[in-house]
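Structure first, commentary second.
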Amino acid sequence: MDKRLYIDVHIIQTVPPANLNRDDQGNPKEAYYGGHRRARVSSQAWKRATRTSFAEHAPQQDHATRTKRIAAELAKRLAGRSGLEAEQATRLATALLQPLGIKPGKKAGDTAYLLFFGYRQLEDIIDLVADQATDLTALDDEELAKAVKDLPVAEKLQQSHPMDVALFGRMVADIPALNVDAAVQVAHALSTHTVDLEFDYYTAVDDENPKEETGAGMIGQIGFNSATLYRYATINLPQLIANLGDGEAALTAVDAFVEHFARSIPSGHQNSFAHRTLPSLLAVVVREDQPVNLVSAFEKPLLPEEEGEGLAADSAVRLAVEYDRATRQWGDTPAHVTVCHTFDPDQHTGERLTAILGANTTFPTLIADLHAALAGQIKQAR
């Protein structure tokens, strides 16, 4: 697909007291934007939450993993498929991967860096040797290396990419042949208003303490904040089609990304704060020019209004106004816009959103409408 086509995903989401994503001090990450301190959740944290959500809903054979233990995982699957003893399976797995030039890690059996690959890709590698595994392991090390040297192992890692590898890409600096260009970019989530770091001083009671022994069994503290966040991601559809090799598979991946990006949330200190929420607003804009992050809407931080509809509502309106301003000022005409939000259509916020972004729809309808719009664009590009 030669045509430019980007799917911008804009989200407004309020999170209660939480520590979603910790810094090196164990406190919630922050950033200065517009000269004011904001709550921040890193793109890496939300991408991992999205990938984890994928895994919970995808068949086992379609799962991907990011690990230094590719040789160990390959050996385990070789042993299961071929009946080899663990030692021989490890020897064969090491020989299969050796021509790739993957640098070894500090621990035995590890690689020097994390590799992102699909379990189905490992099975494809095993298919190359499954019917001769026993004979291969009977060879000495030099003969074994020679026997597997020309097998298309690298090609197998470049084919049949699982959805999340196709979306988020793979970077192997010293083996460019294994690189996969990411089809998705995810911004760091920022609060639409200023945020102060707070601390929860907590104690734990020793249940077996006798009555005469007062005091806590444990004392500690944890940093937290609460915020209304602006979240943004964009999908390069032509790149996604190139990674997956199929337009229909790419549409399925877009559906899944929007679904799981919207519903997922980083799990930092989840048991302490029970912070899982759903977005107040999700707007999807399909563009044929370039991706546009609308965080400029919040360069001037929002202030709580005593008579307003709340920070989430004010953030949603500010986002819509910025979208309208940018679209008119730059002469852009998006190919498709759809919005799903939780605001009363008869109140000020709902009316403004409808006037700018169009009628509110349900989340399943938003996904279906987006799928149909993209399918039409792919068809036109053929």
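The values are calculated or read from the model by the stated rules, or taken from the named source; none is laboratory data. Worth saying up front: this structure is predicted, and the values here are computed from it rather than measured. Using ideal geometry, Cβ is built from the backbone for each residue, glycine included, and neighbour counts are taken over all protein chains shown. All accessible areas refer to the heavy atoms of the entire protein, side chains included, with ligands and DNA or RNA removed. Shrake-Rupley method; radii C 1.70, N 1.55, O 1.52, S 1.80 Å.
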If you go through the range 63-84, how many residues are within 22 Å of Glu259 (Cα to Cα) and open to solvent by less than 60 Å² (accessible area, probe 1.4 Å)? 3
Could you grab the pairs with beta carbons closer than 9 Å, sequence gap of 6+ or different chains, first residue in the range 336-361 and of a type in the set (Lys, Arg), second one surrounded by fewer than 18 Cβ atoms within 10 Å (Cβ to Cβ)? Arg352/Val321
Within the range 355-382, tally of residues that are part of a helix (DSSP H, G or I) and open to solvent by 60 Å² or more (accessible area, probe 1.4 Å): 6
Enumeration of residues in the range 37-80 that are under 18 Å from Met171 (Cα atoms) and basic (Lys, Arg): Lys47, Arg48, Arg51, Arg66, Lys68, Arg69
Could you run through the range 127-160 and say how many residues are within 11 Å of Pro99 (Cβ to Cβ), under 37 Å from the mean Cα position of the chain (by Cα) and open to solvent by 90 Å² or more (accessible area, probe 1.4 Å)? 2
Restricting the range 174-189 to residues that are without any contact (Cβ under 8 Å) to a residue 60 or more places away in the chain and more than 23 Å from Val295 (Cα to Cα), the one surrounded by the fewest Cβ atoms within 10 Å (Cβ to Cβ) turns out to be Pro176
Within the range 159-177, residues touching a helix residue (DSSP H, G or I) at 6+ places or on another chain (Cβ under 7 Å) and at pLDDT 85 or above come out as His161, Pro162, Met163, Asp164, Ala166, Leu167, Phe168, Arg170
Does at least one position in the range 190-203 carry a residue that is surrounded by fewer than 17 Cβ atoms within 10 Å (Cβ to Cβ), modelled with pLDDT of 90 or more and assigned to a strand (DSSP E or B)? yes
Which one of Gly223, Gly215 is part of a strand (DSSP E or B) and over 22 Å from Val295 (Cβ atoms)? Gly223
Test each condition in (1) closer than 23 Å to Arg22 by Cβ; (2) surrounded by fewer than 12 Cβ atoms within 10 Å (Cβ to Cβ); (3) hydroxyl-bearing (Ser, Thr, Tyr) for Thr214 and report the one that comes out false. (1)
Within the range 220-242, track down each residue that is over 16 Å from Phe257 (Cβ atoms) and among the aromatic types (Phe, Trp, Tyr). Phe224, Tyr230
Quick one: count up the residues across the range 265-318 that are in contact with a strand residue (DSSP E or B) (Cβ under 8 Å, 6 or more places away or on another chain), of a type in the set (Lys, Arg) and open to solvent by 40 Å² or more (accessible area, probe 1.4 Å). 1
One residue is enough: does the range 7-23 have a residue meeting the conditions over 27 Å from Asn225 (Cα atoms), open to solvent by less than 60 Å² (accessible area, probe 1.4 Å) and in contact with a strand residue (DSSP E or B) (Cβ under 8 Å, 6 or more places away or on another chain)? yes
Top-ranked residue of the range 334-354 - restricted to ones that are farther than 13 Å from Glu309 by Cβ and among the hydroxyl-bearing types (Ser, Thr, Tyr), ranked as most open to solvent (accessible area, probe 1.4 Å): Thr354
Out of all the residues in the range 293-327, which are modelled with pLDDT of 95 or more, within 15 Å of Thr194 (Cβ to Cβ) and part of a loop (DSSP other than H, G, I, E, B)? Glu299, Lys300, Pro301
Which one of these is under 26 Å from Asp181 (Cβ atoms), open to solvent by less than 20 Å² (accessible area, probe 1.4 Å) and in contact with a strand residue (DSSP E or B) (Cβ under 8 Å, 6 or more places away or on another chain): Leu237, Leu229? Leu237
Residue hits (the range 226-250; among the small types (Gly, Ala, Ser) and not in a strand (DSSP E or B)) are Ala242, Gly245, Gly247, Ala249, Ala250
Every residue from the range 161-171 that is buried (at least 20 other Cβ atoms within 10 Å of the Cβ) and either among the aromatic types (Phe, Trp, Tyr) or farther than 17 Å from Trp46 by Cβ (or both): His161, Pro162, Val165, Ala166, Phe168, Arg170
Give me the pairs: first residue in the range 54-76 and within 15 Å of Val165 (Cα to Cα), second residue open to solvent by less than 100 Å² (accessible area, probe 1.4 Å) and part of a helix (DSSP H, G or I), beta-carbon distance under 6 Å, and six or more apart or on different chains, which are they? Phe54/Asp164; Phe54/His260; Gln61/Arg120; His63/Ala55; His63/Tyr119; Ala64/Asp164; Ala64/Val165
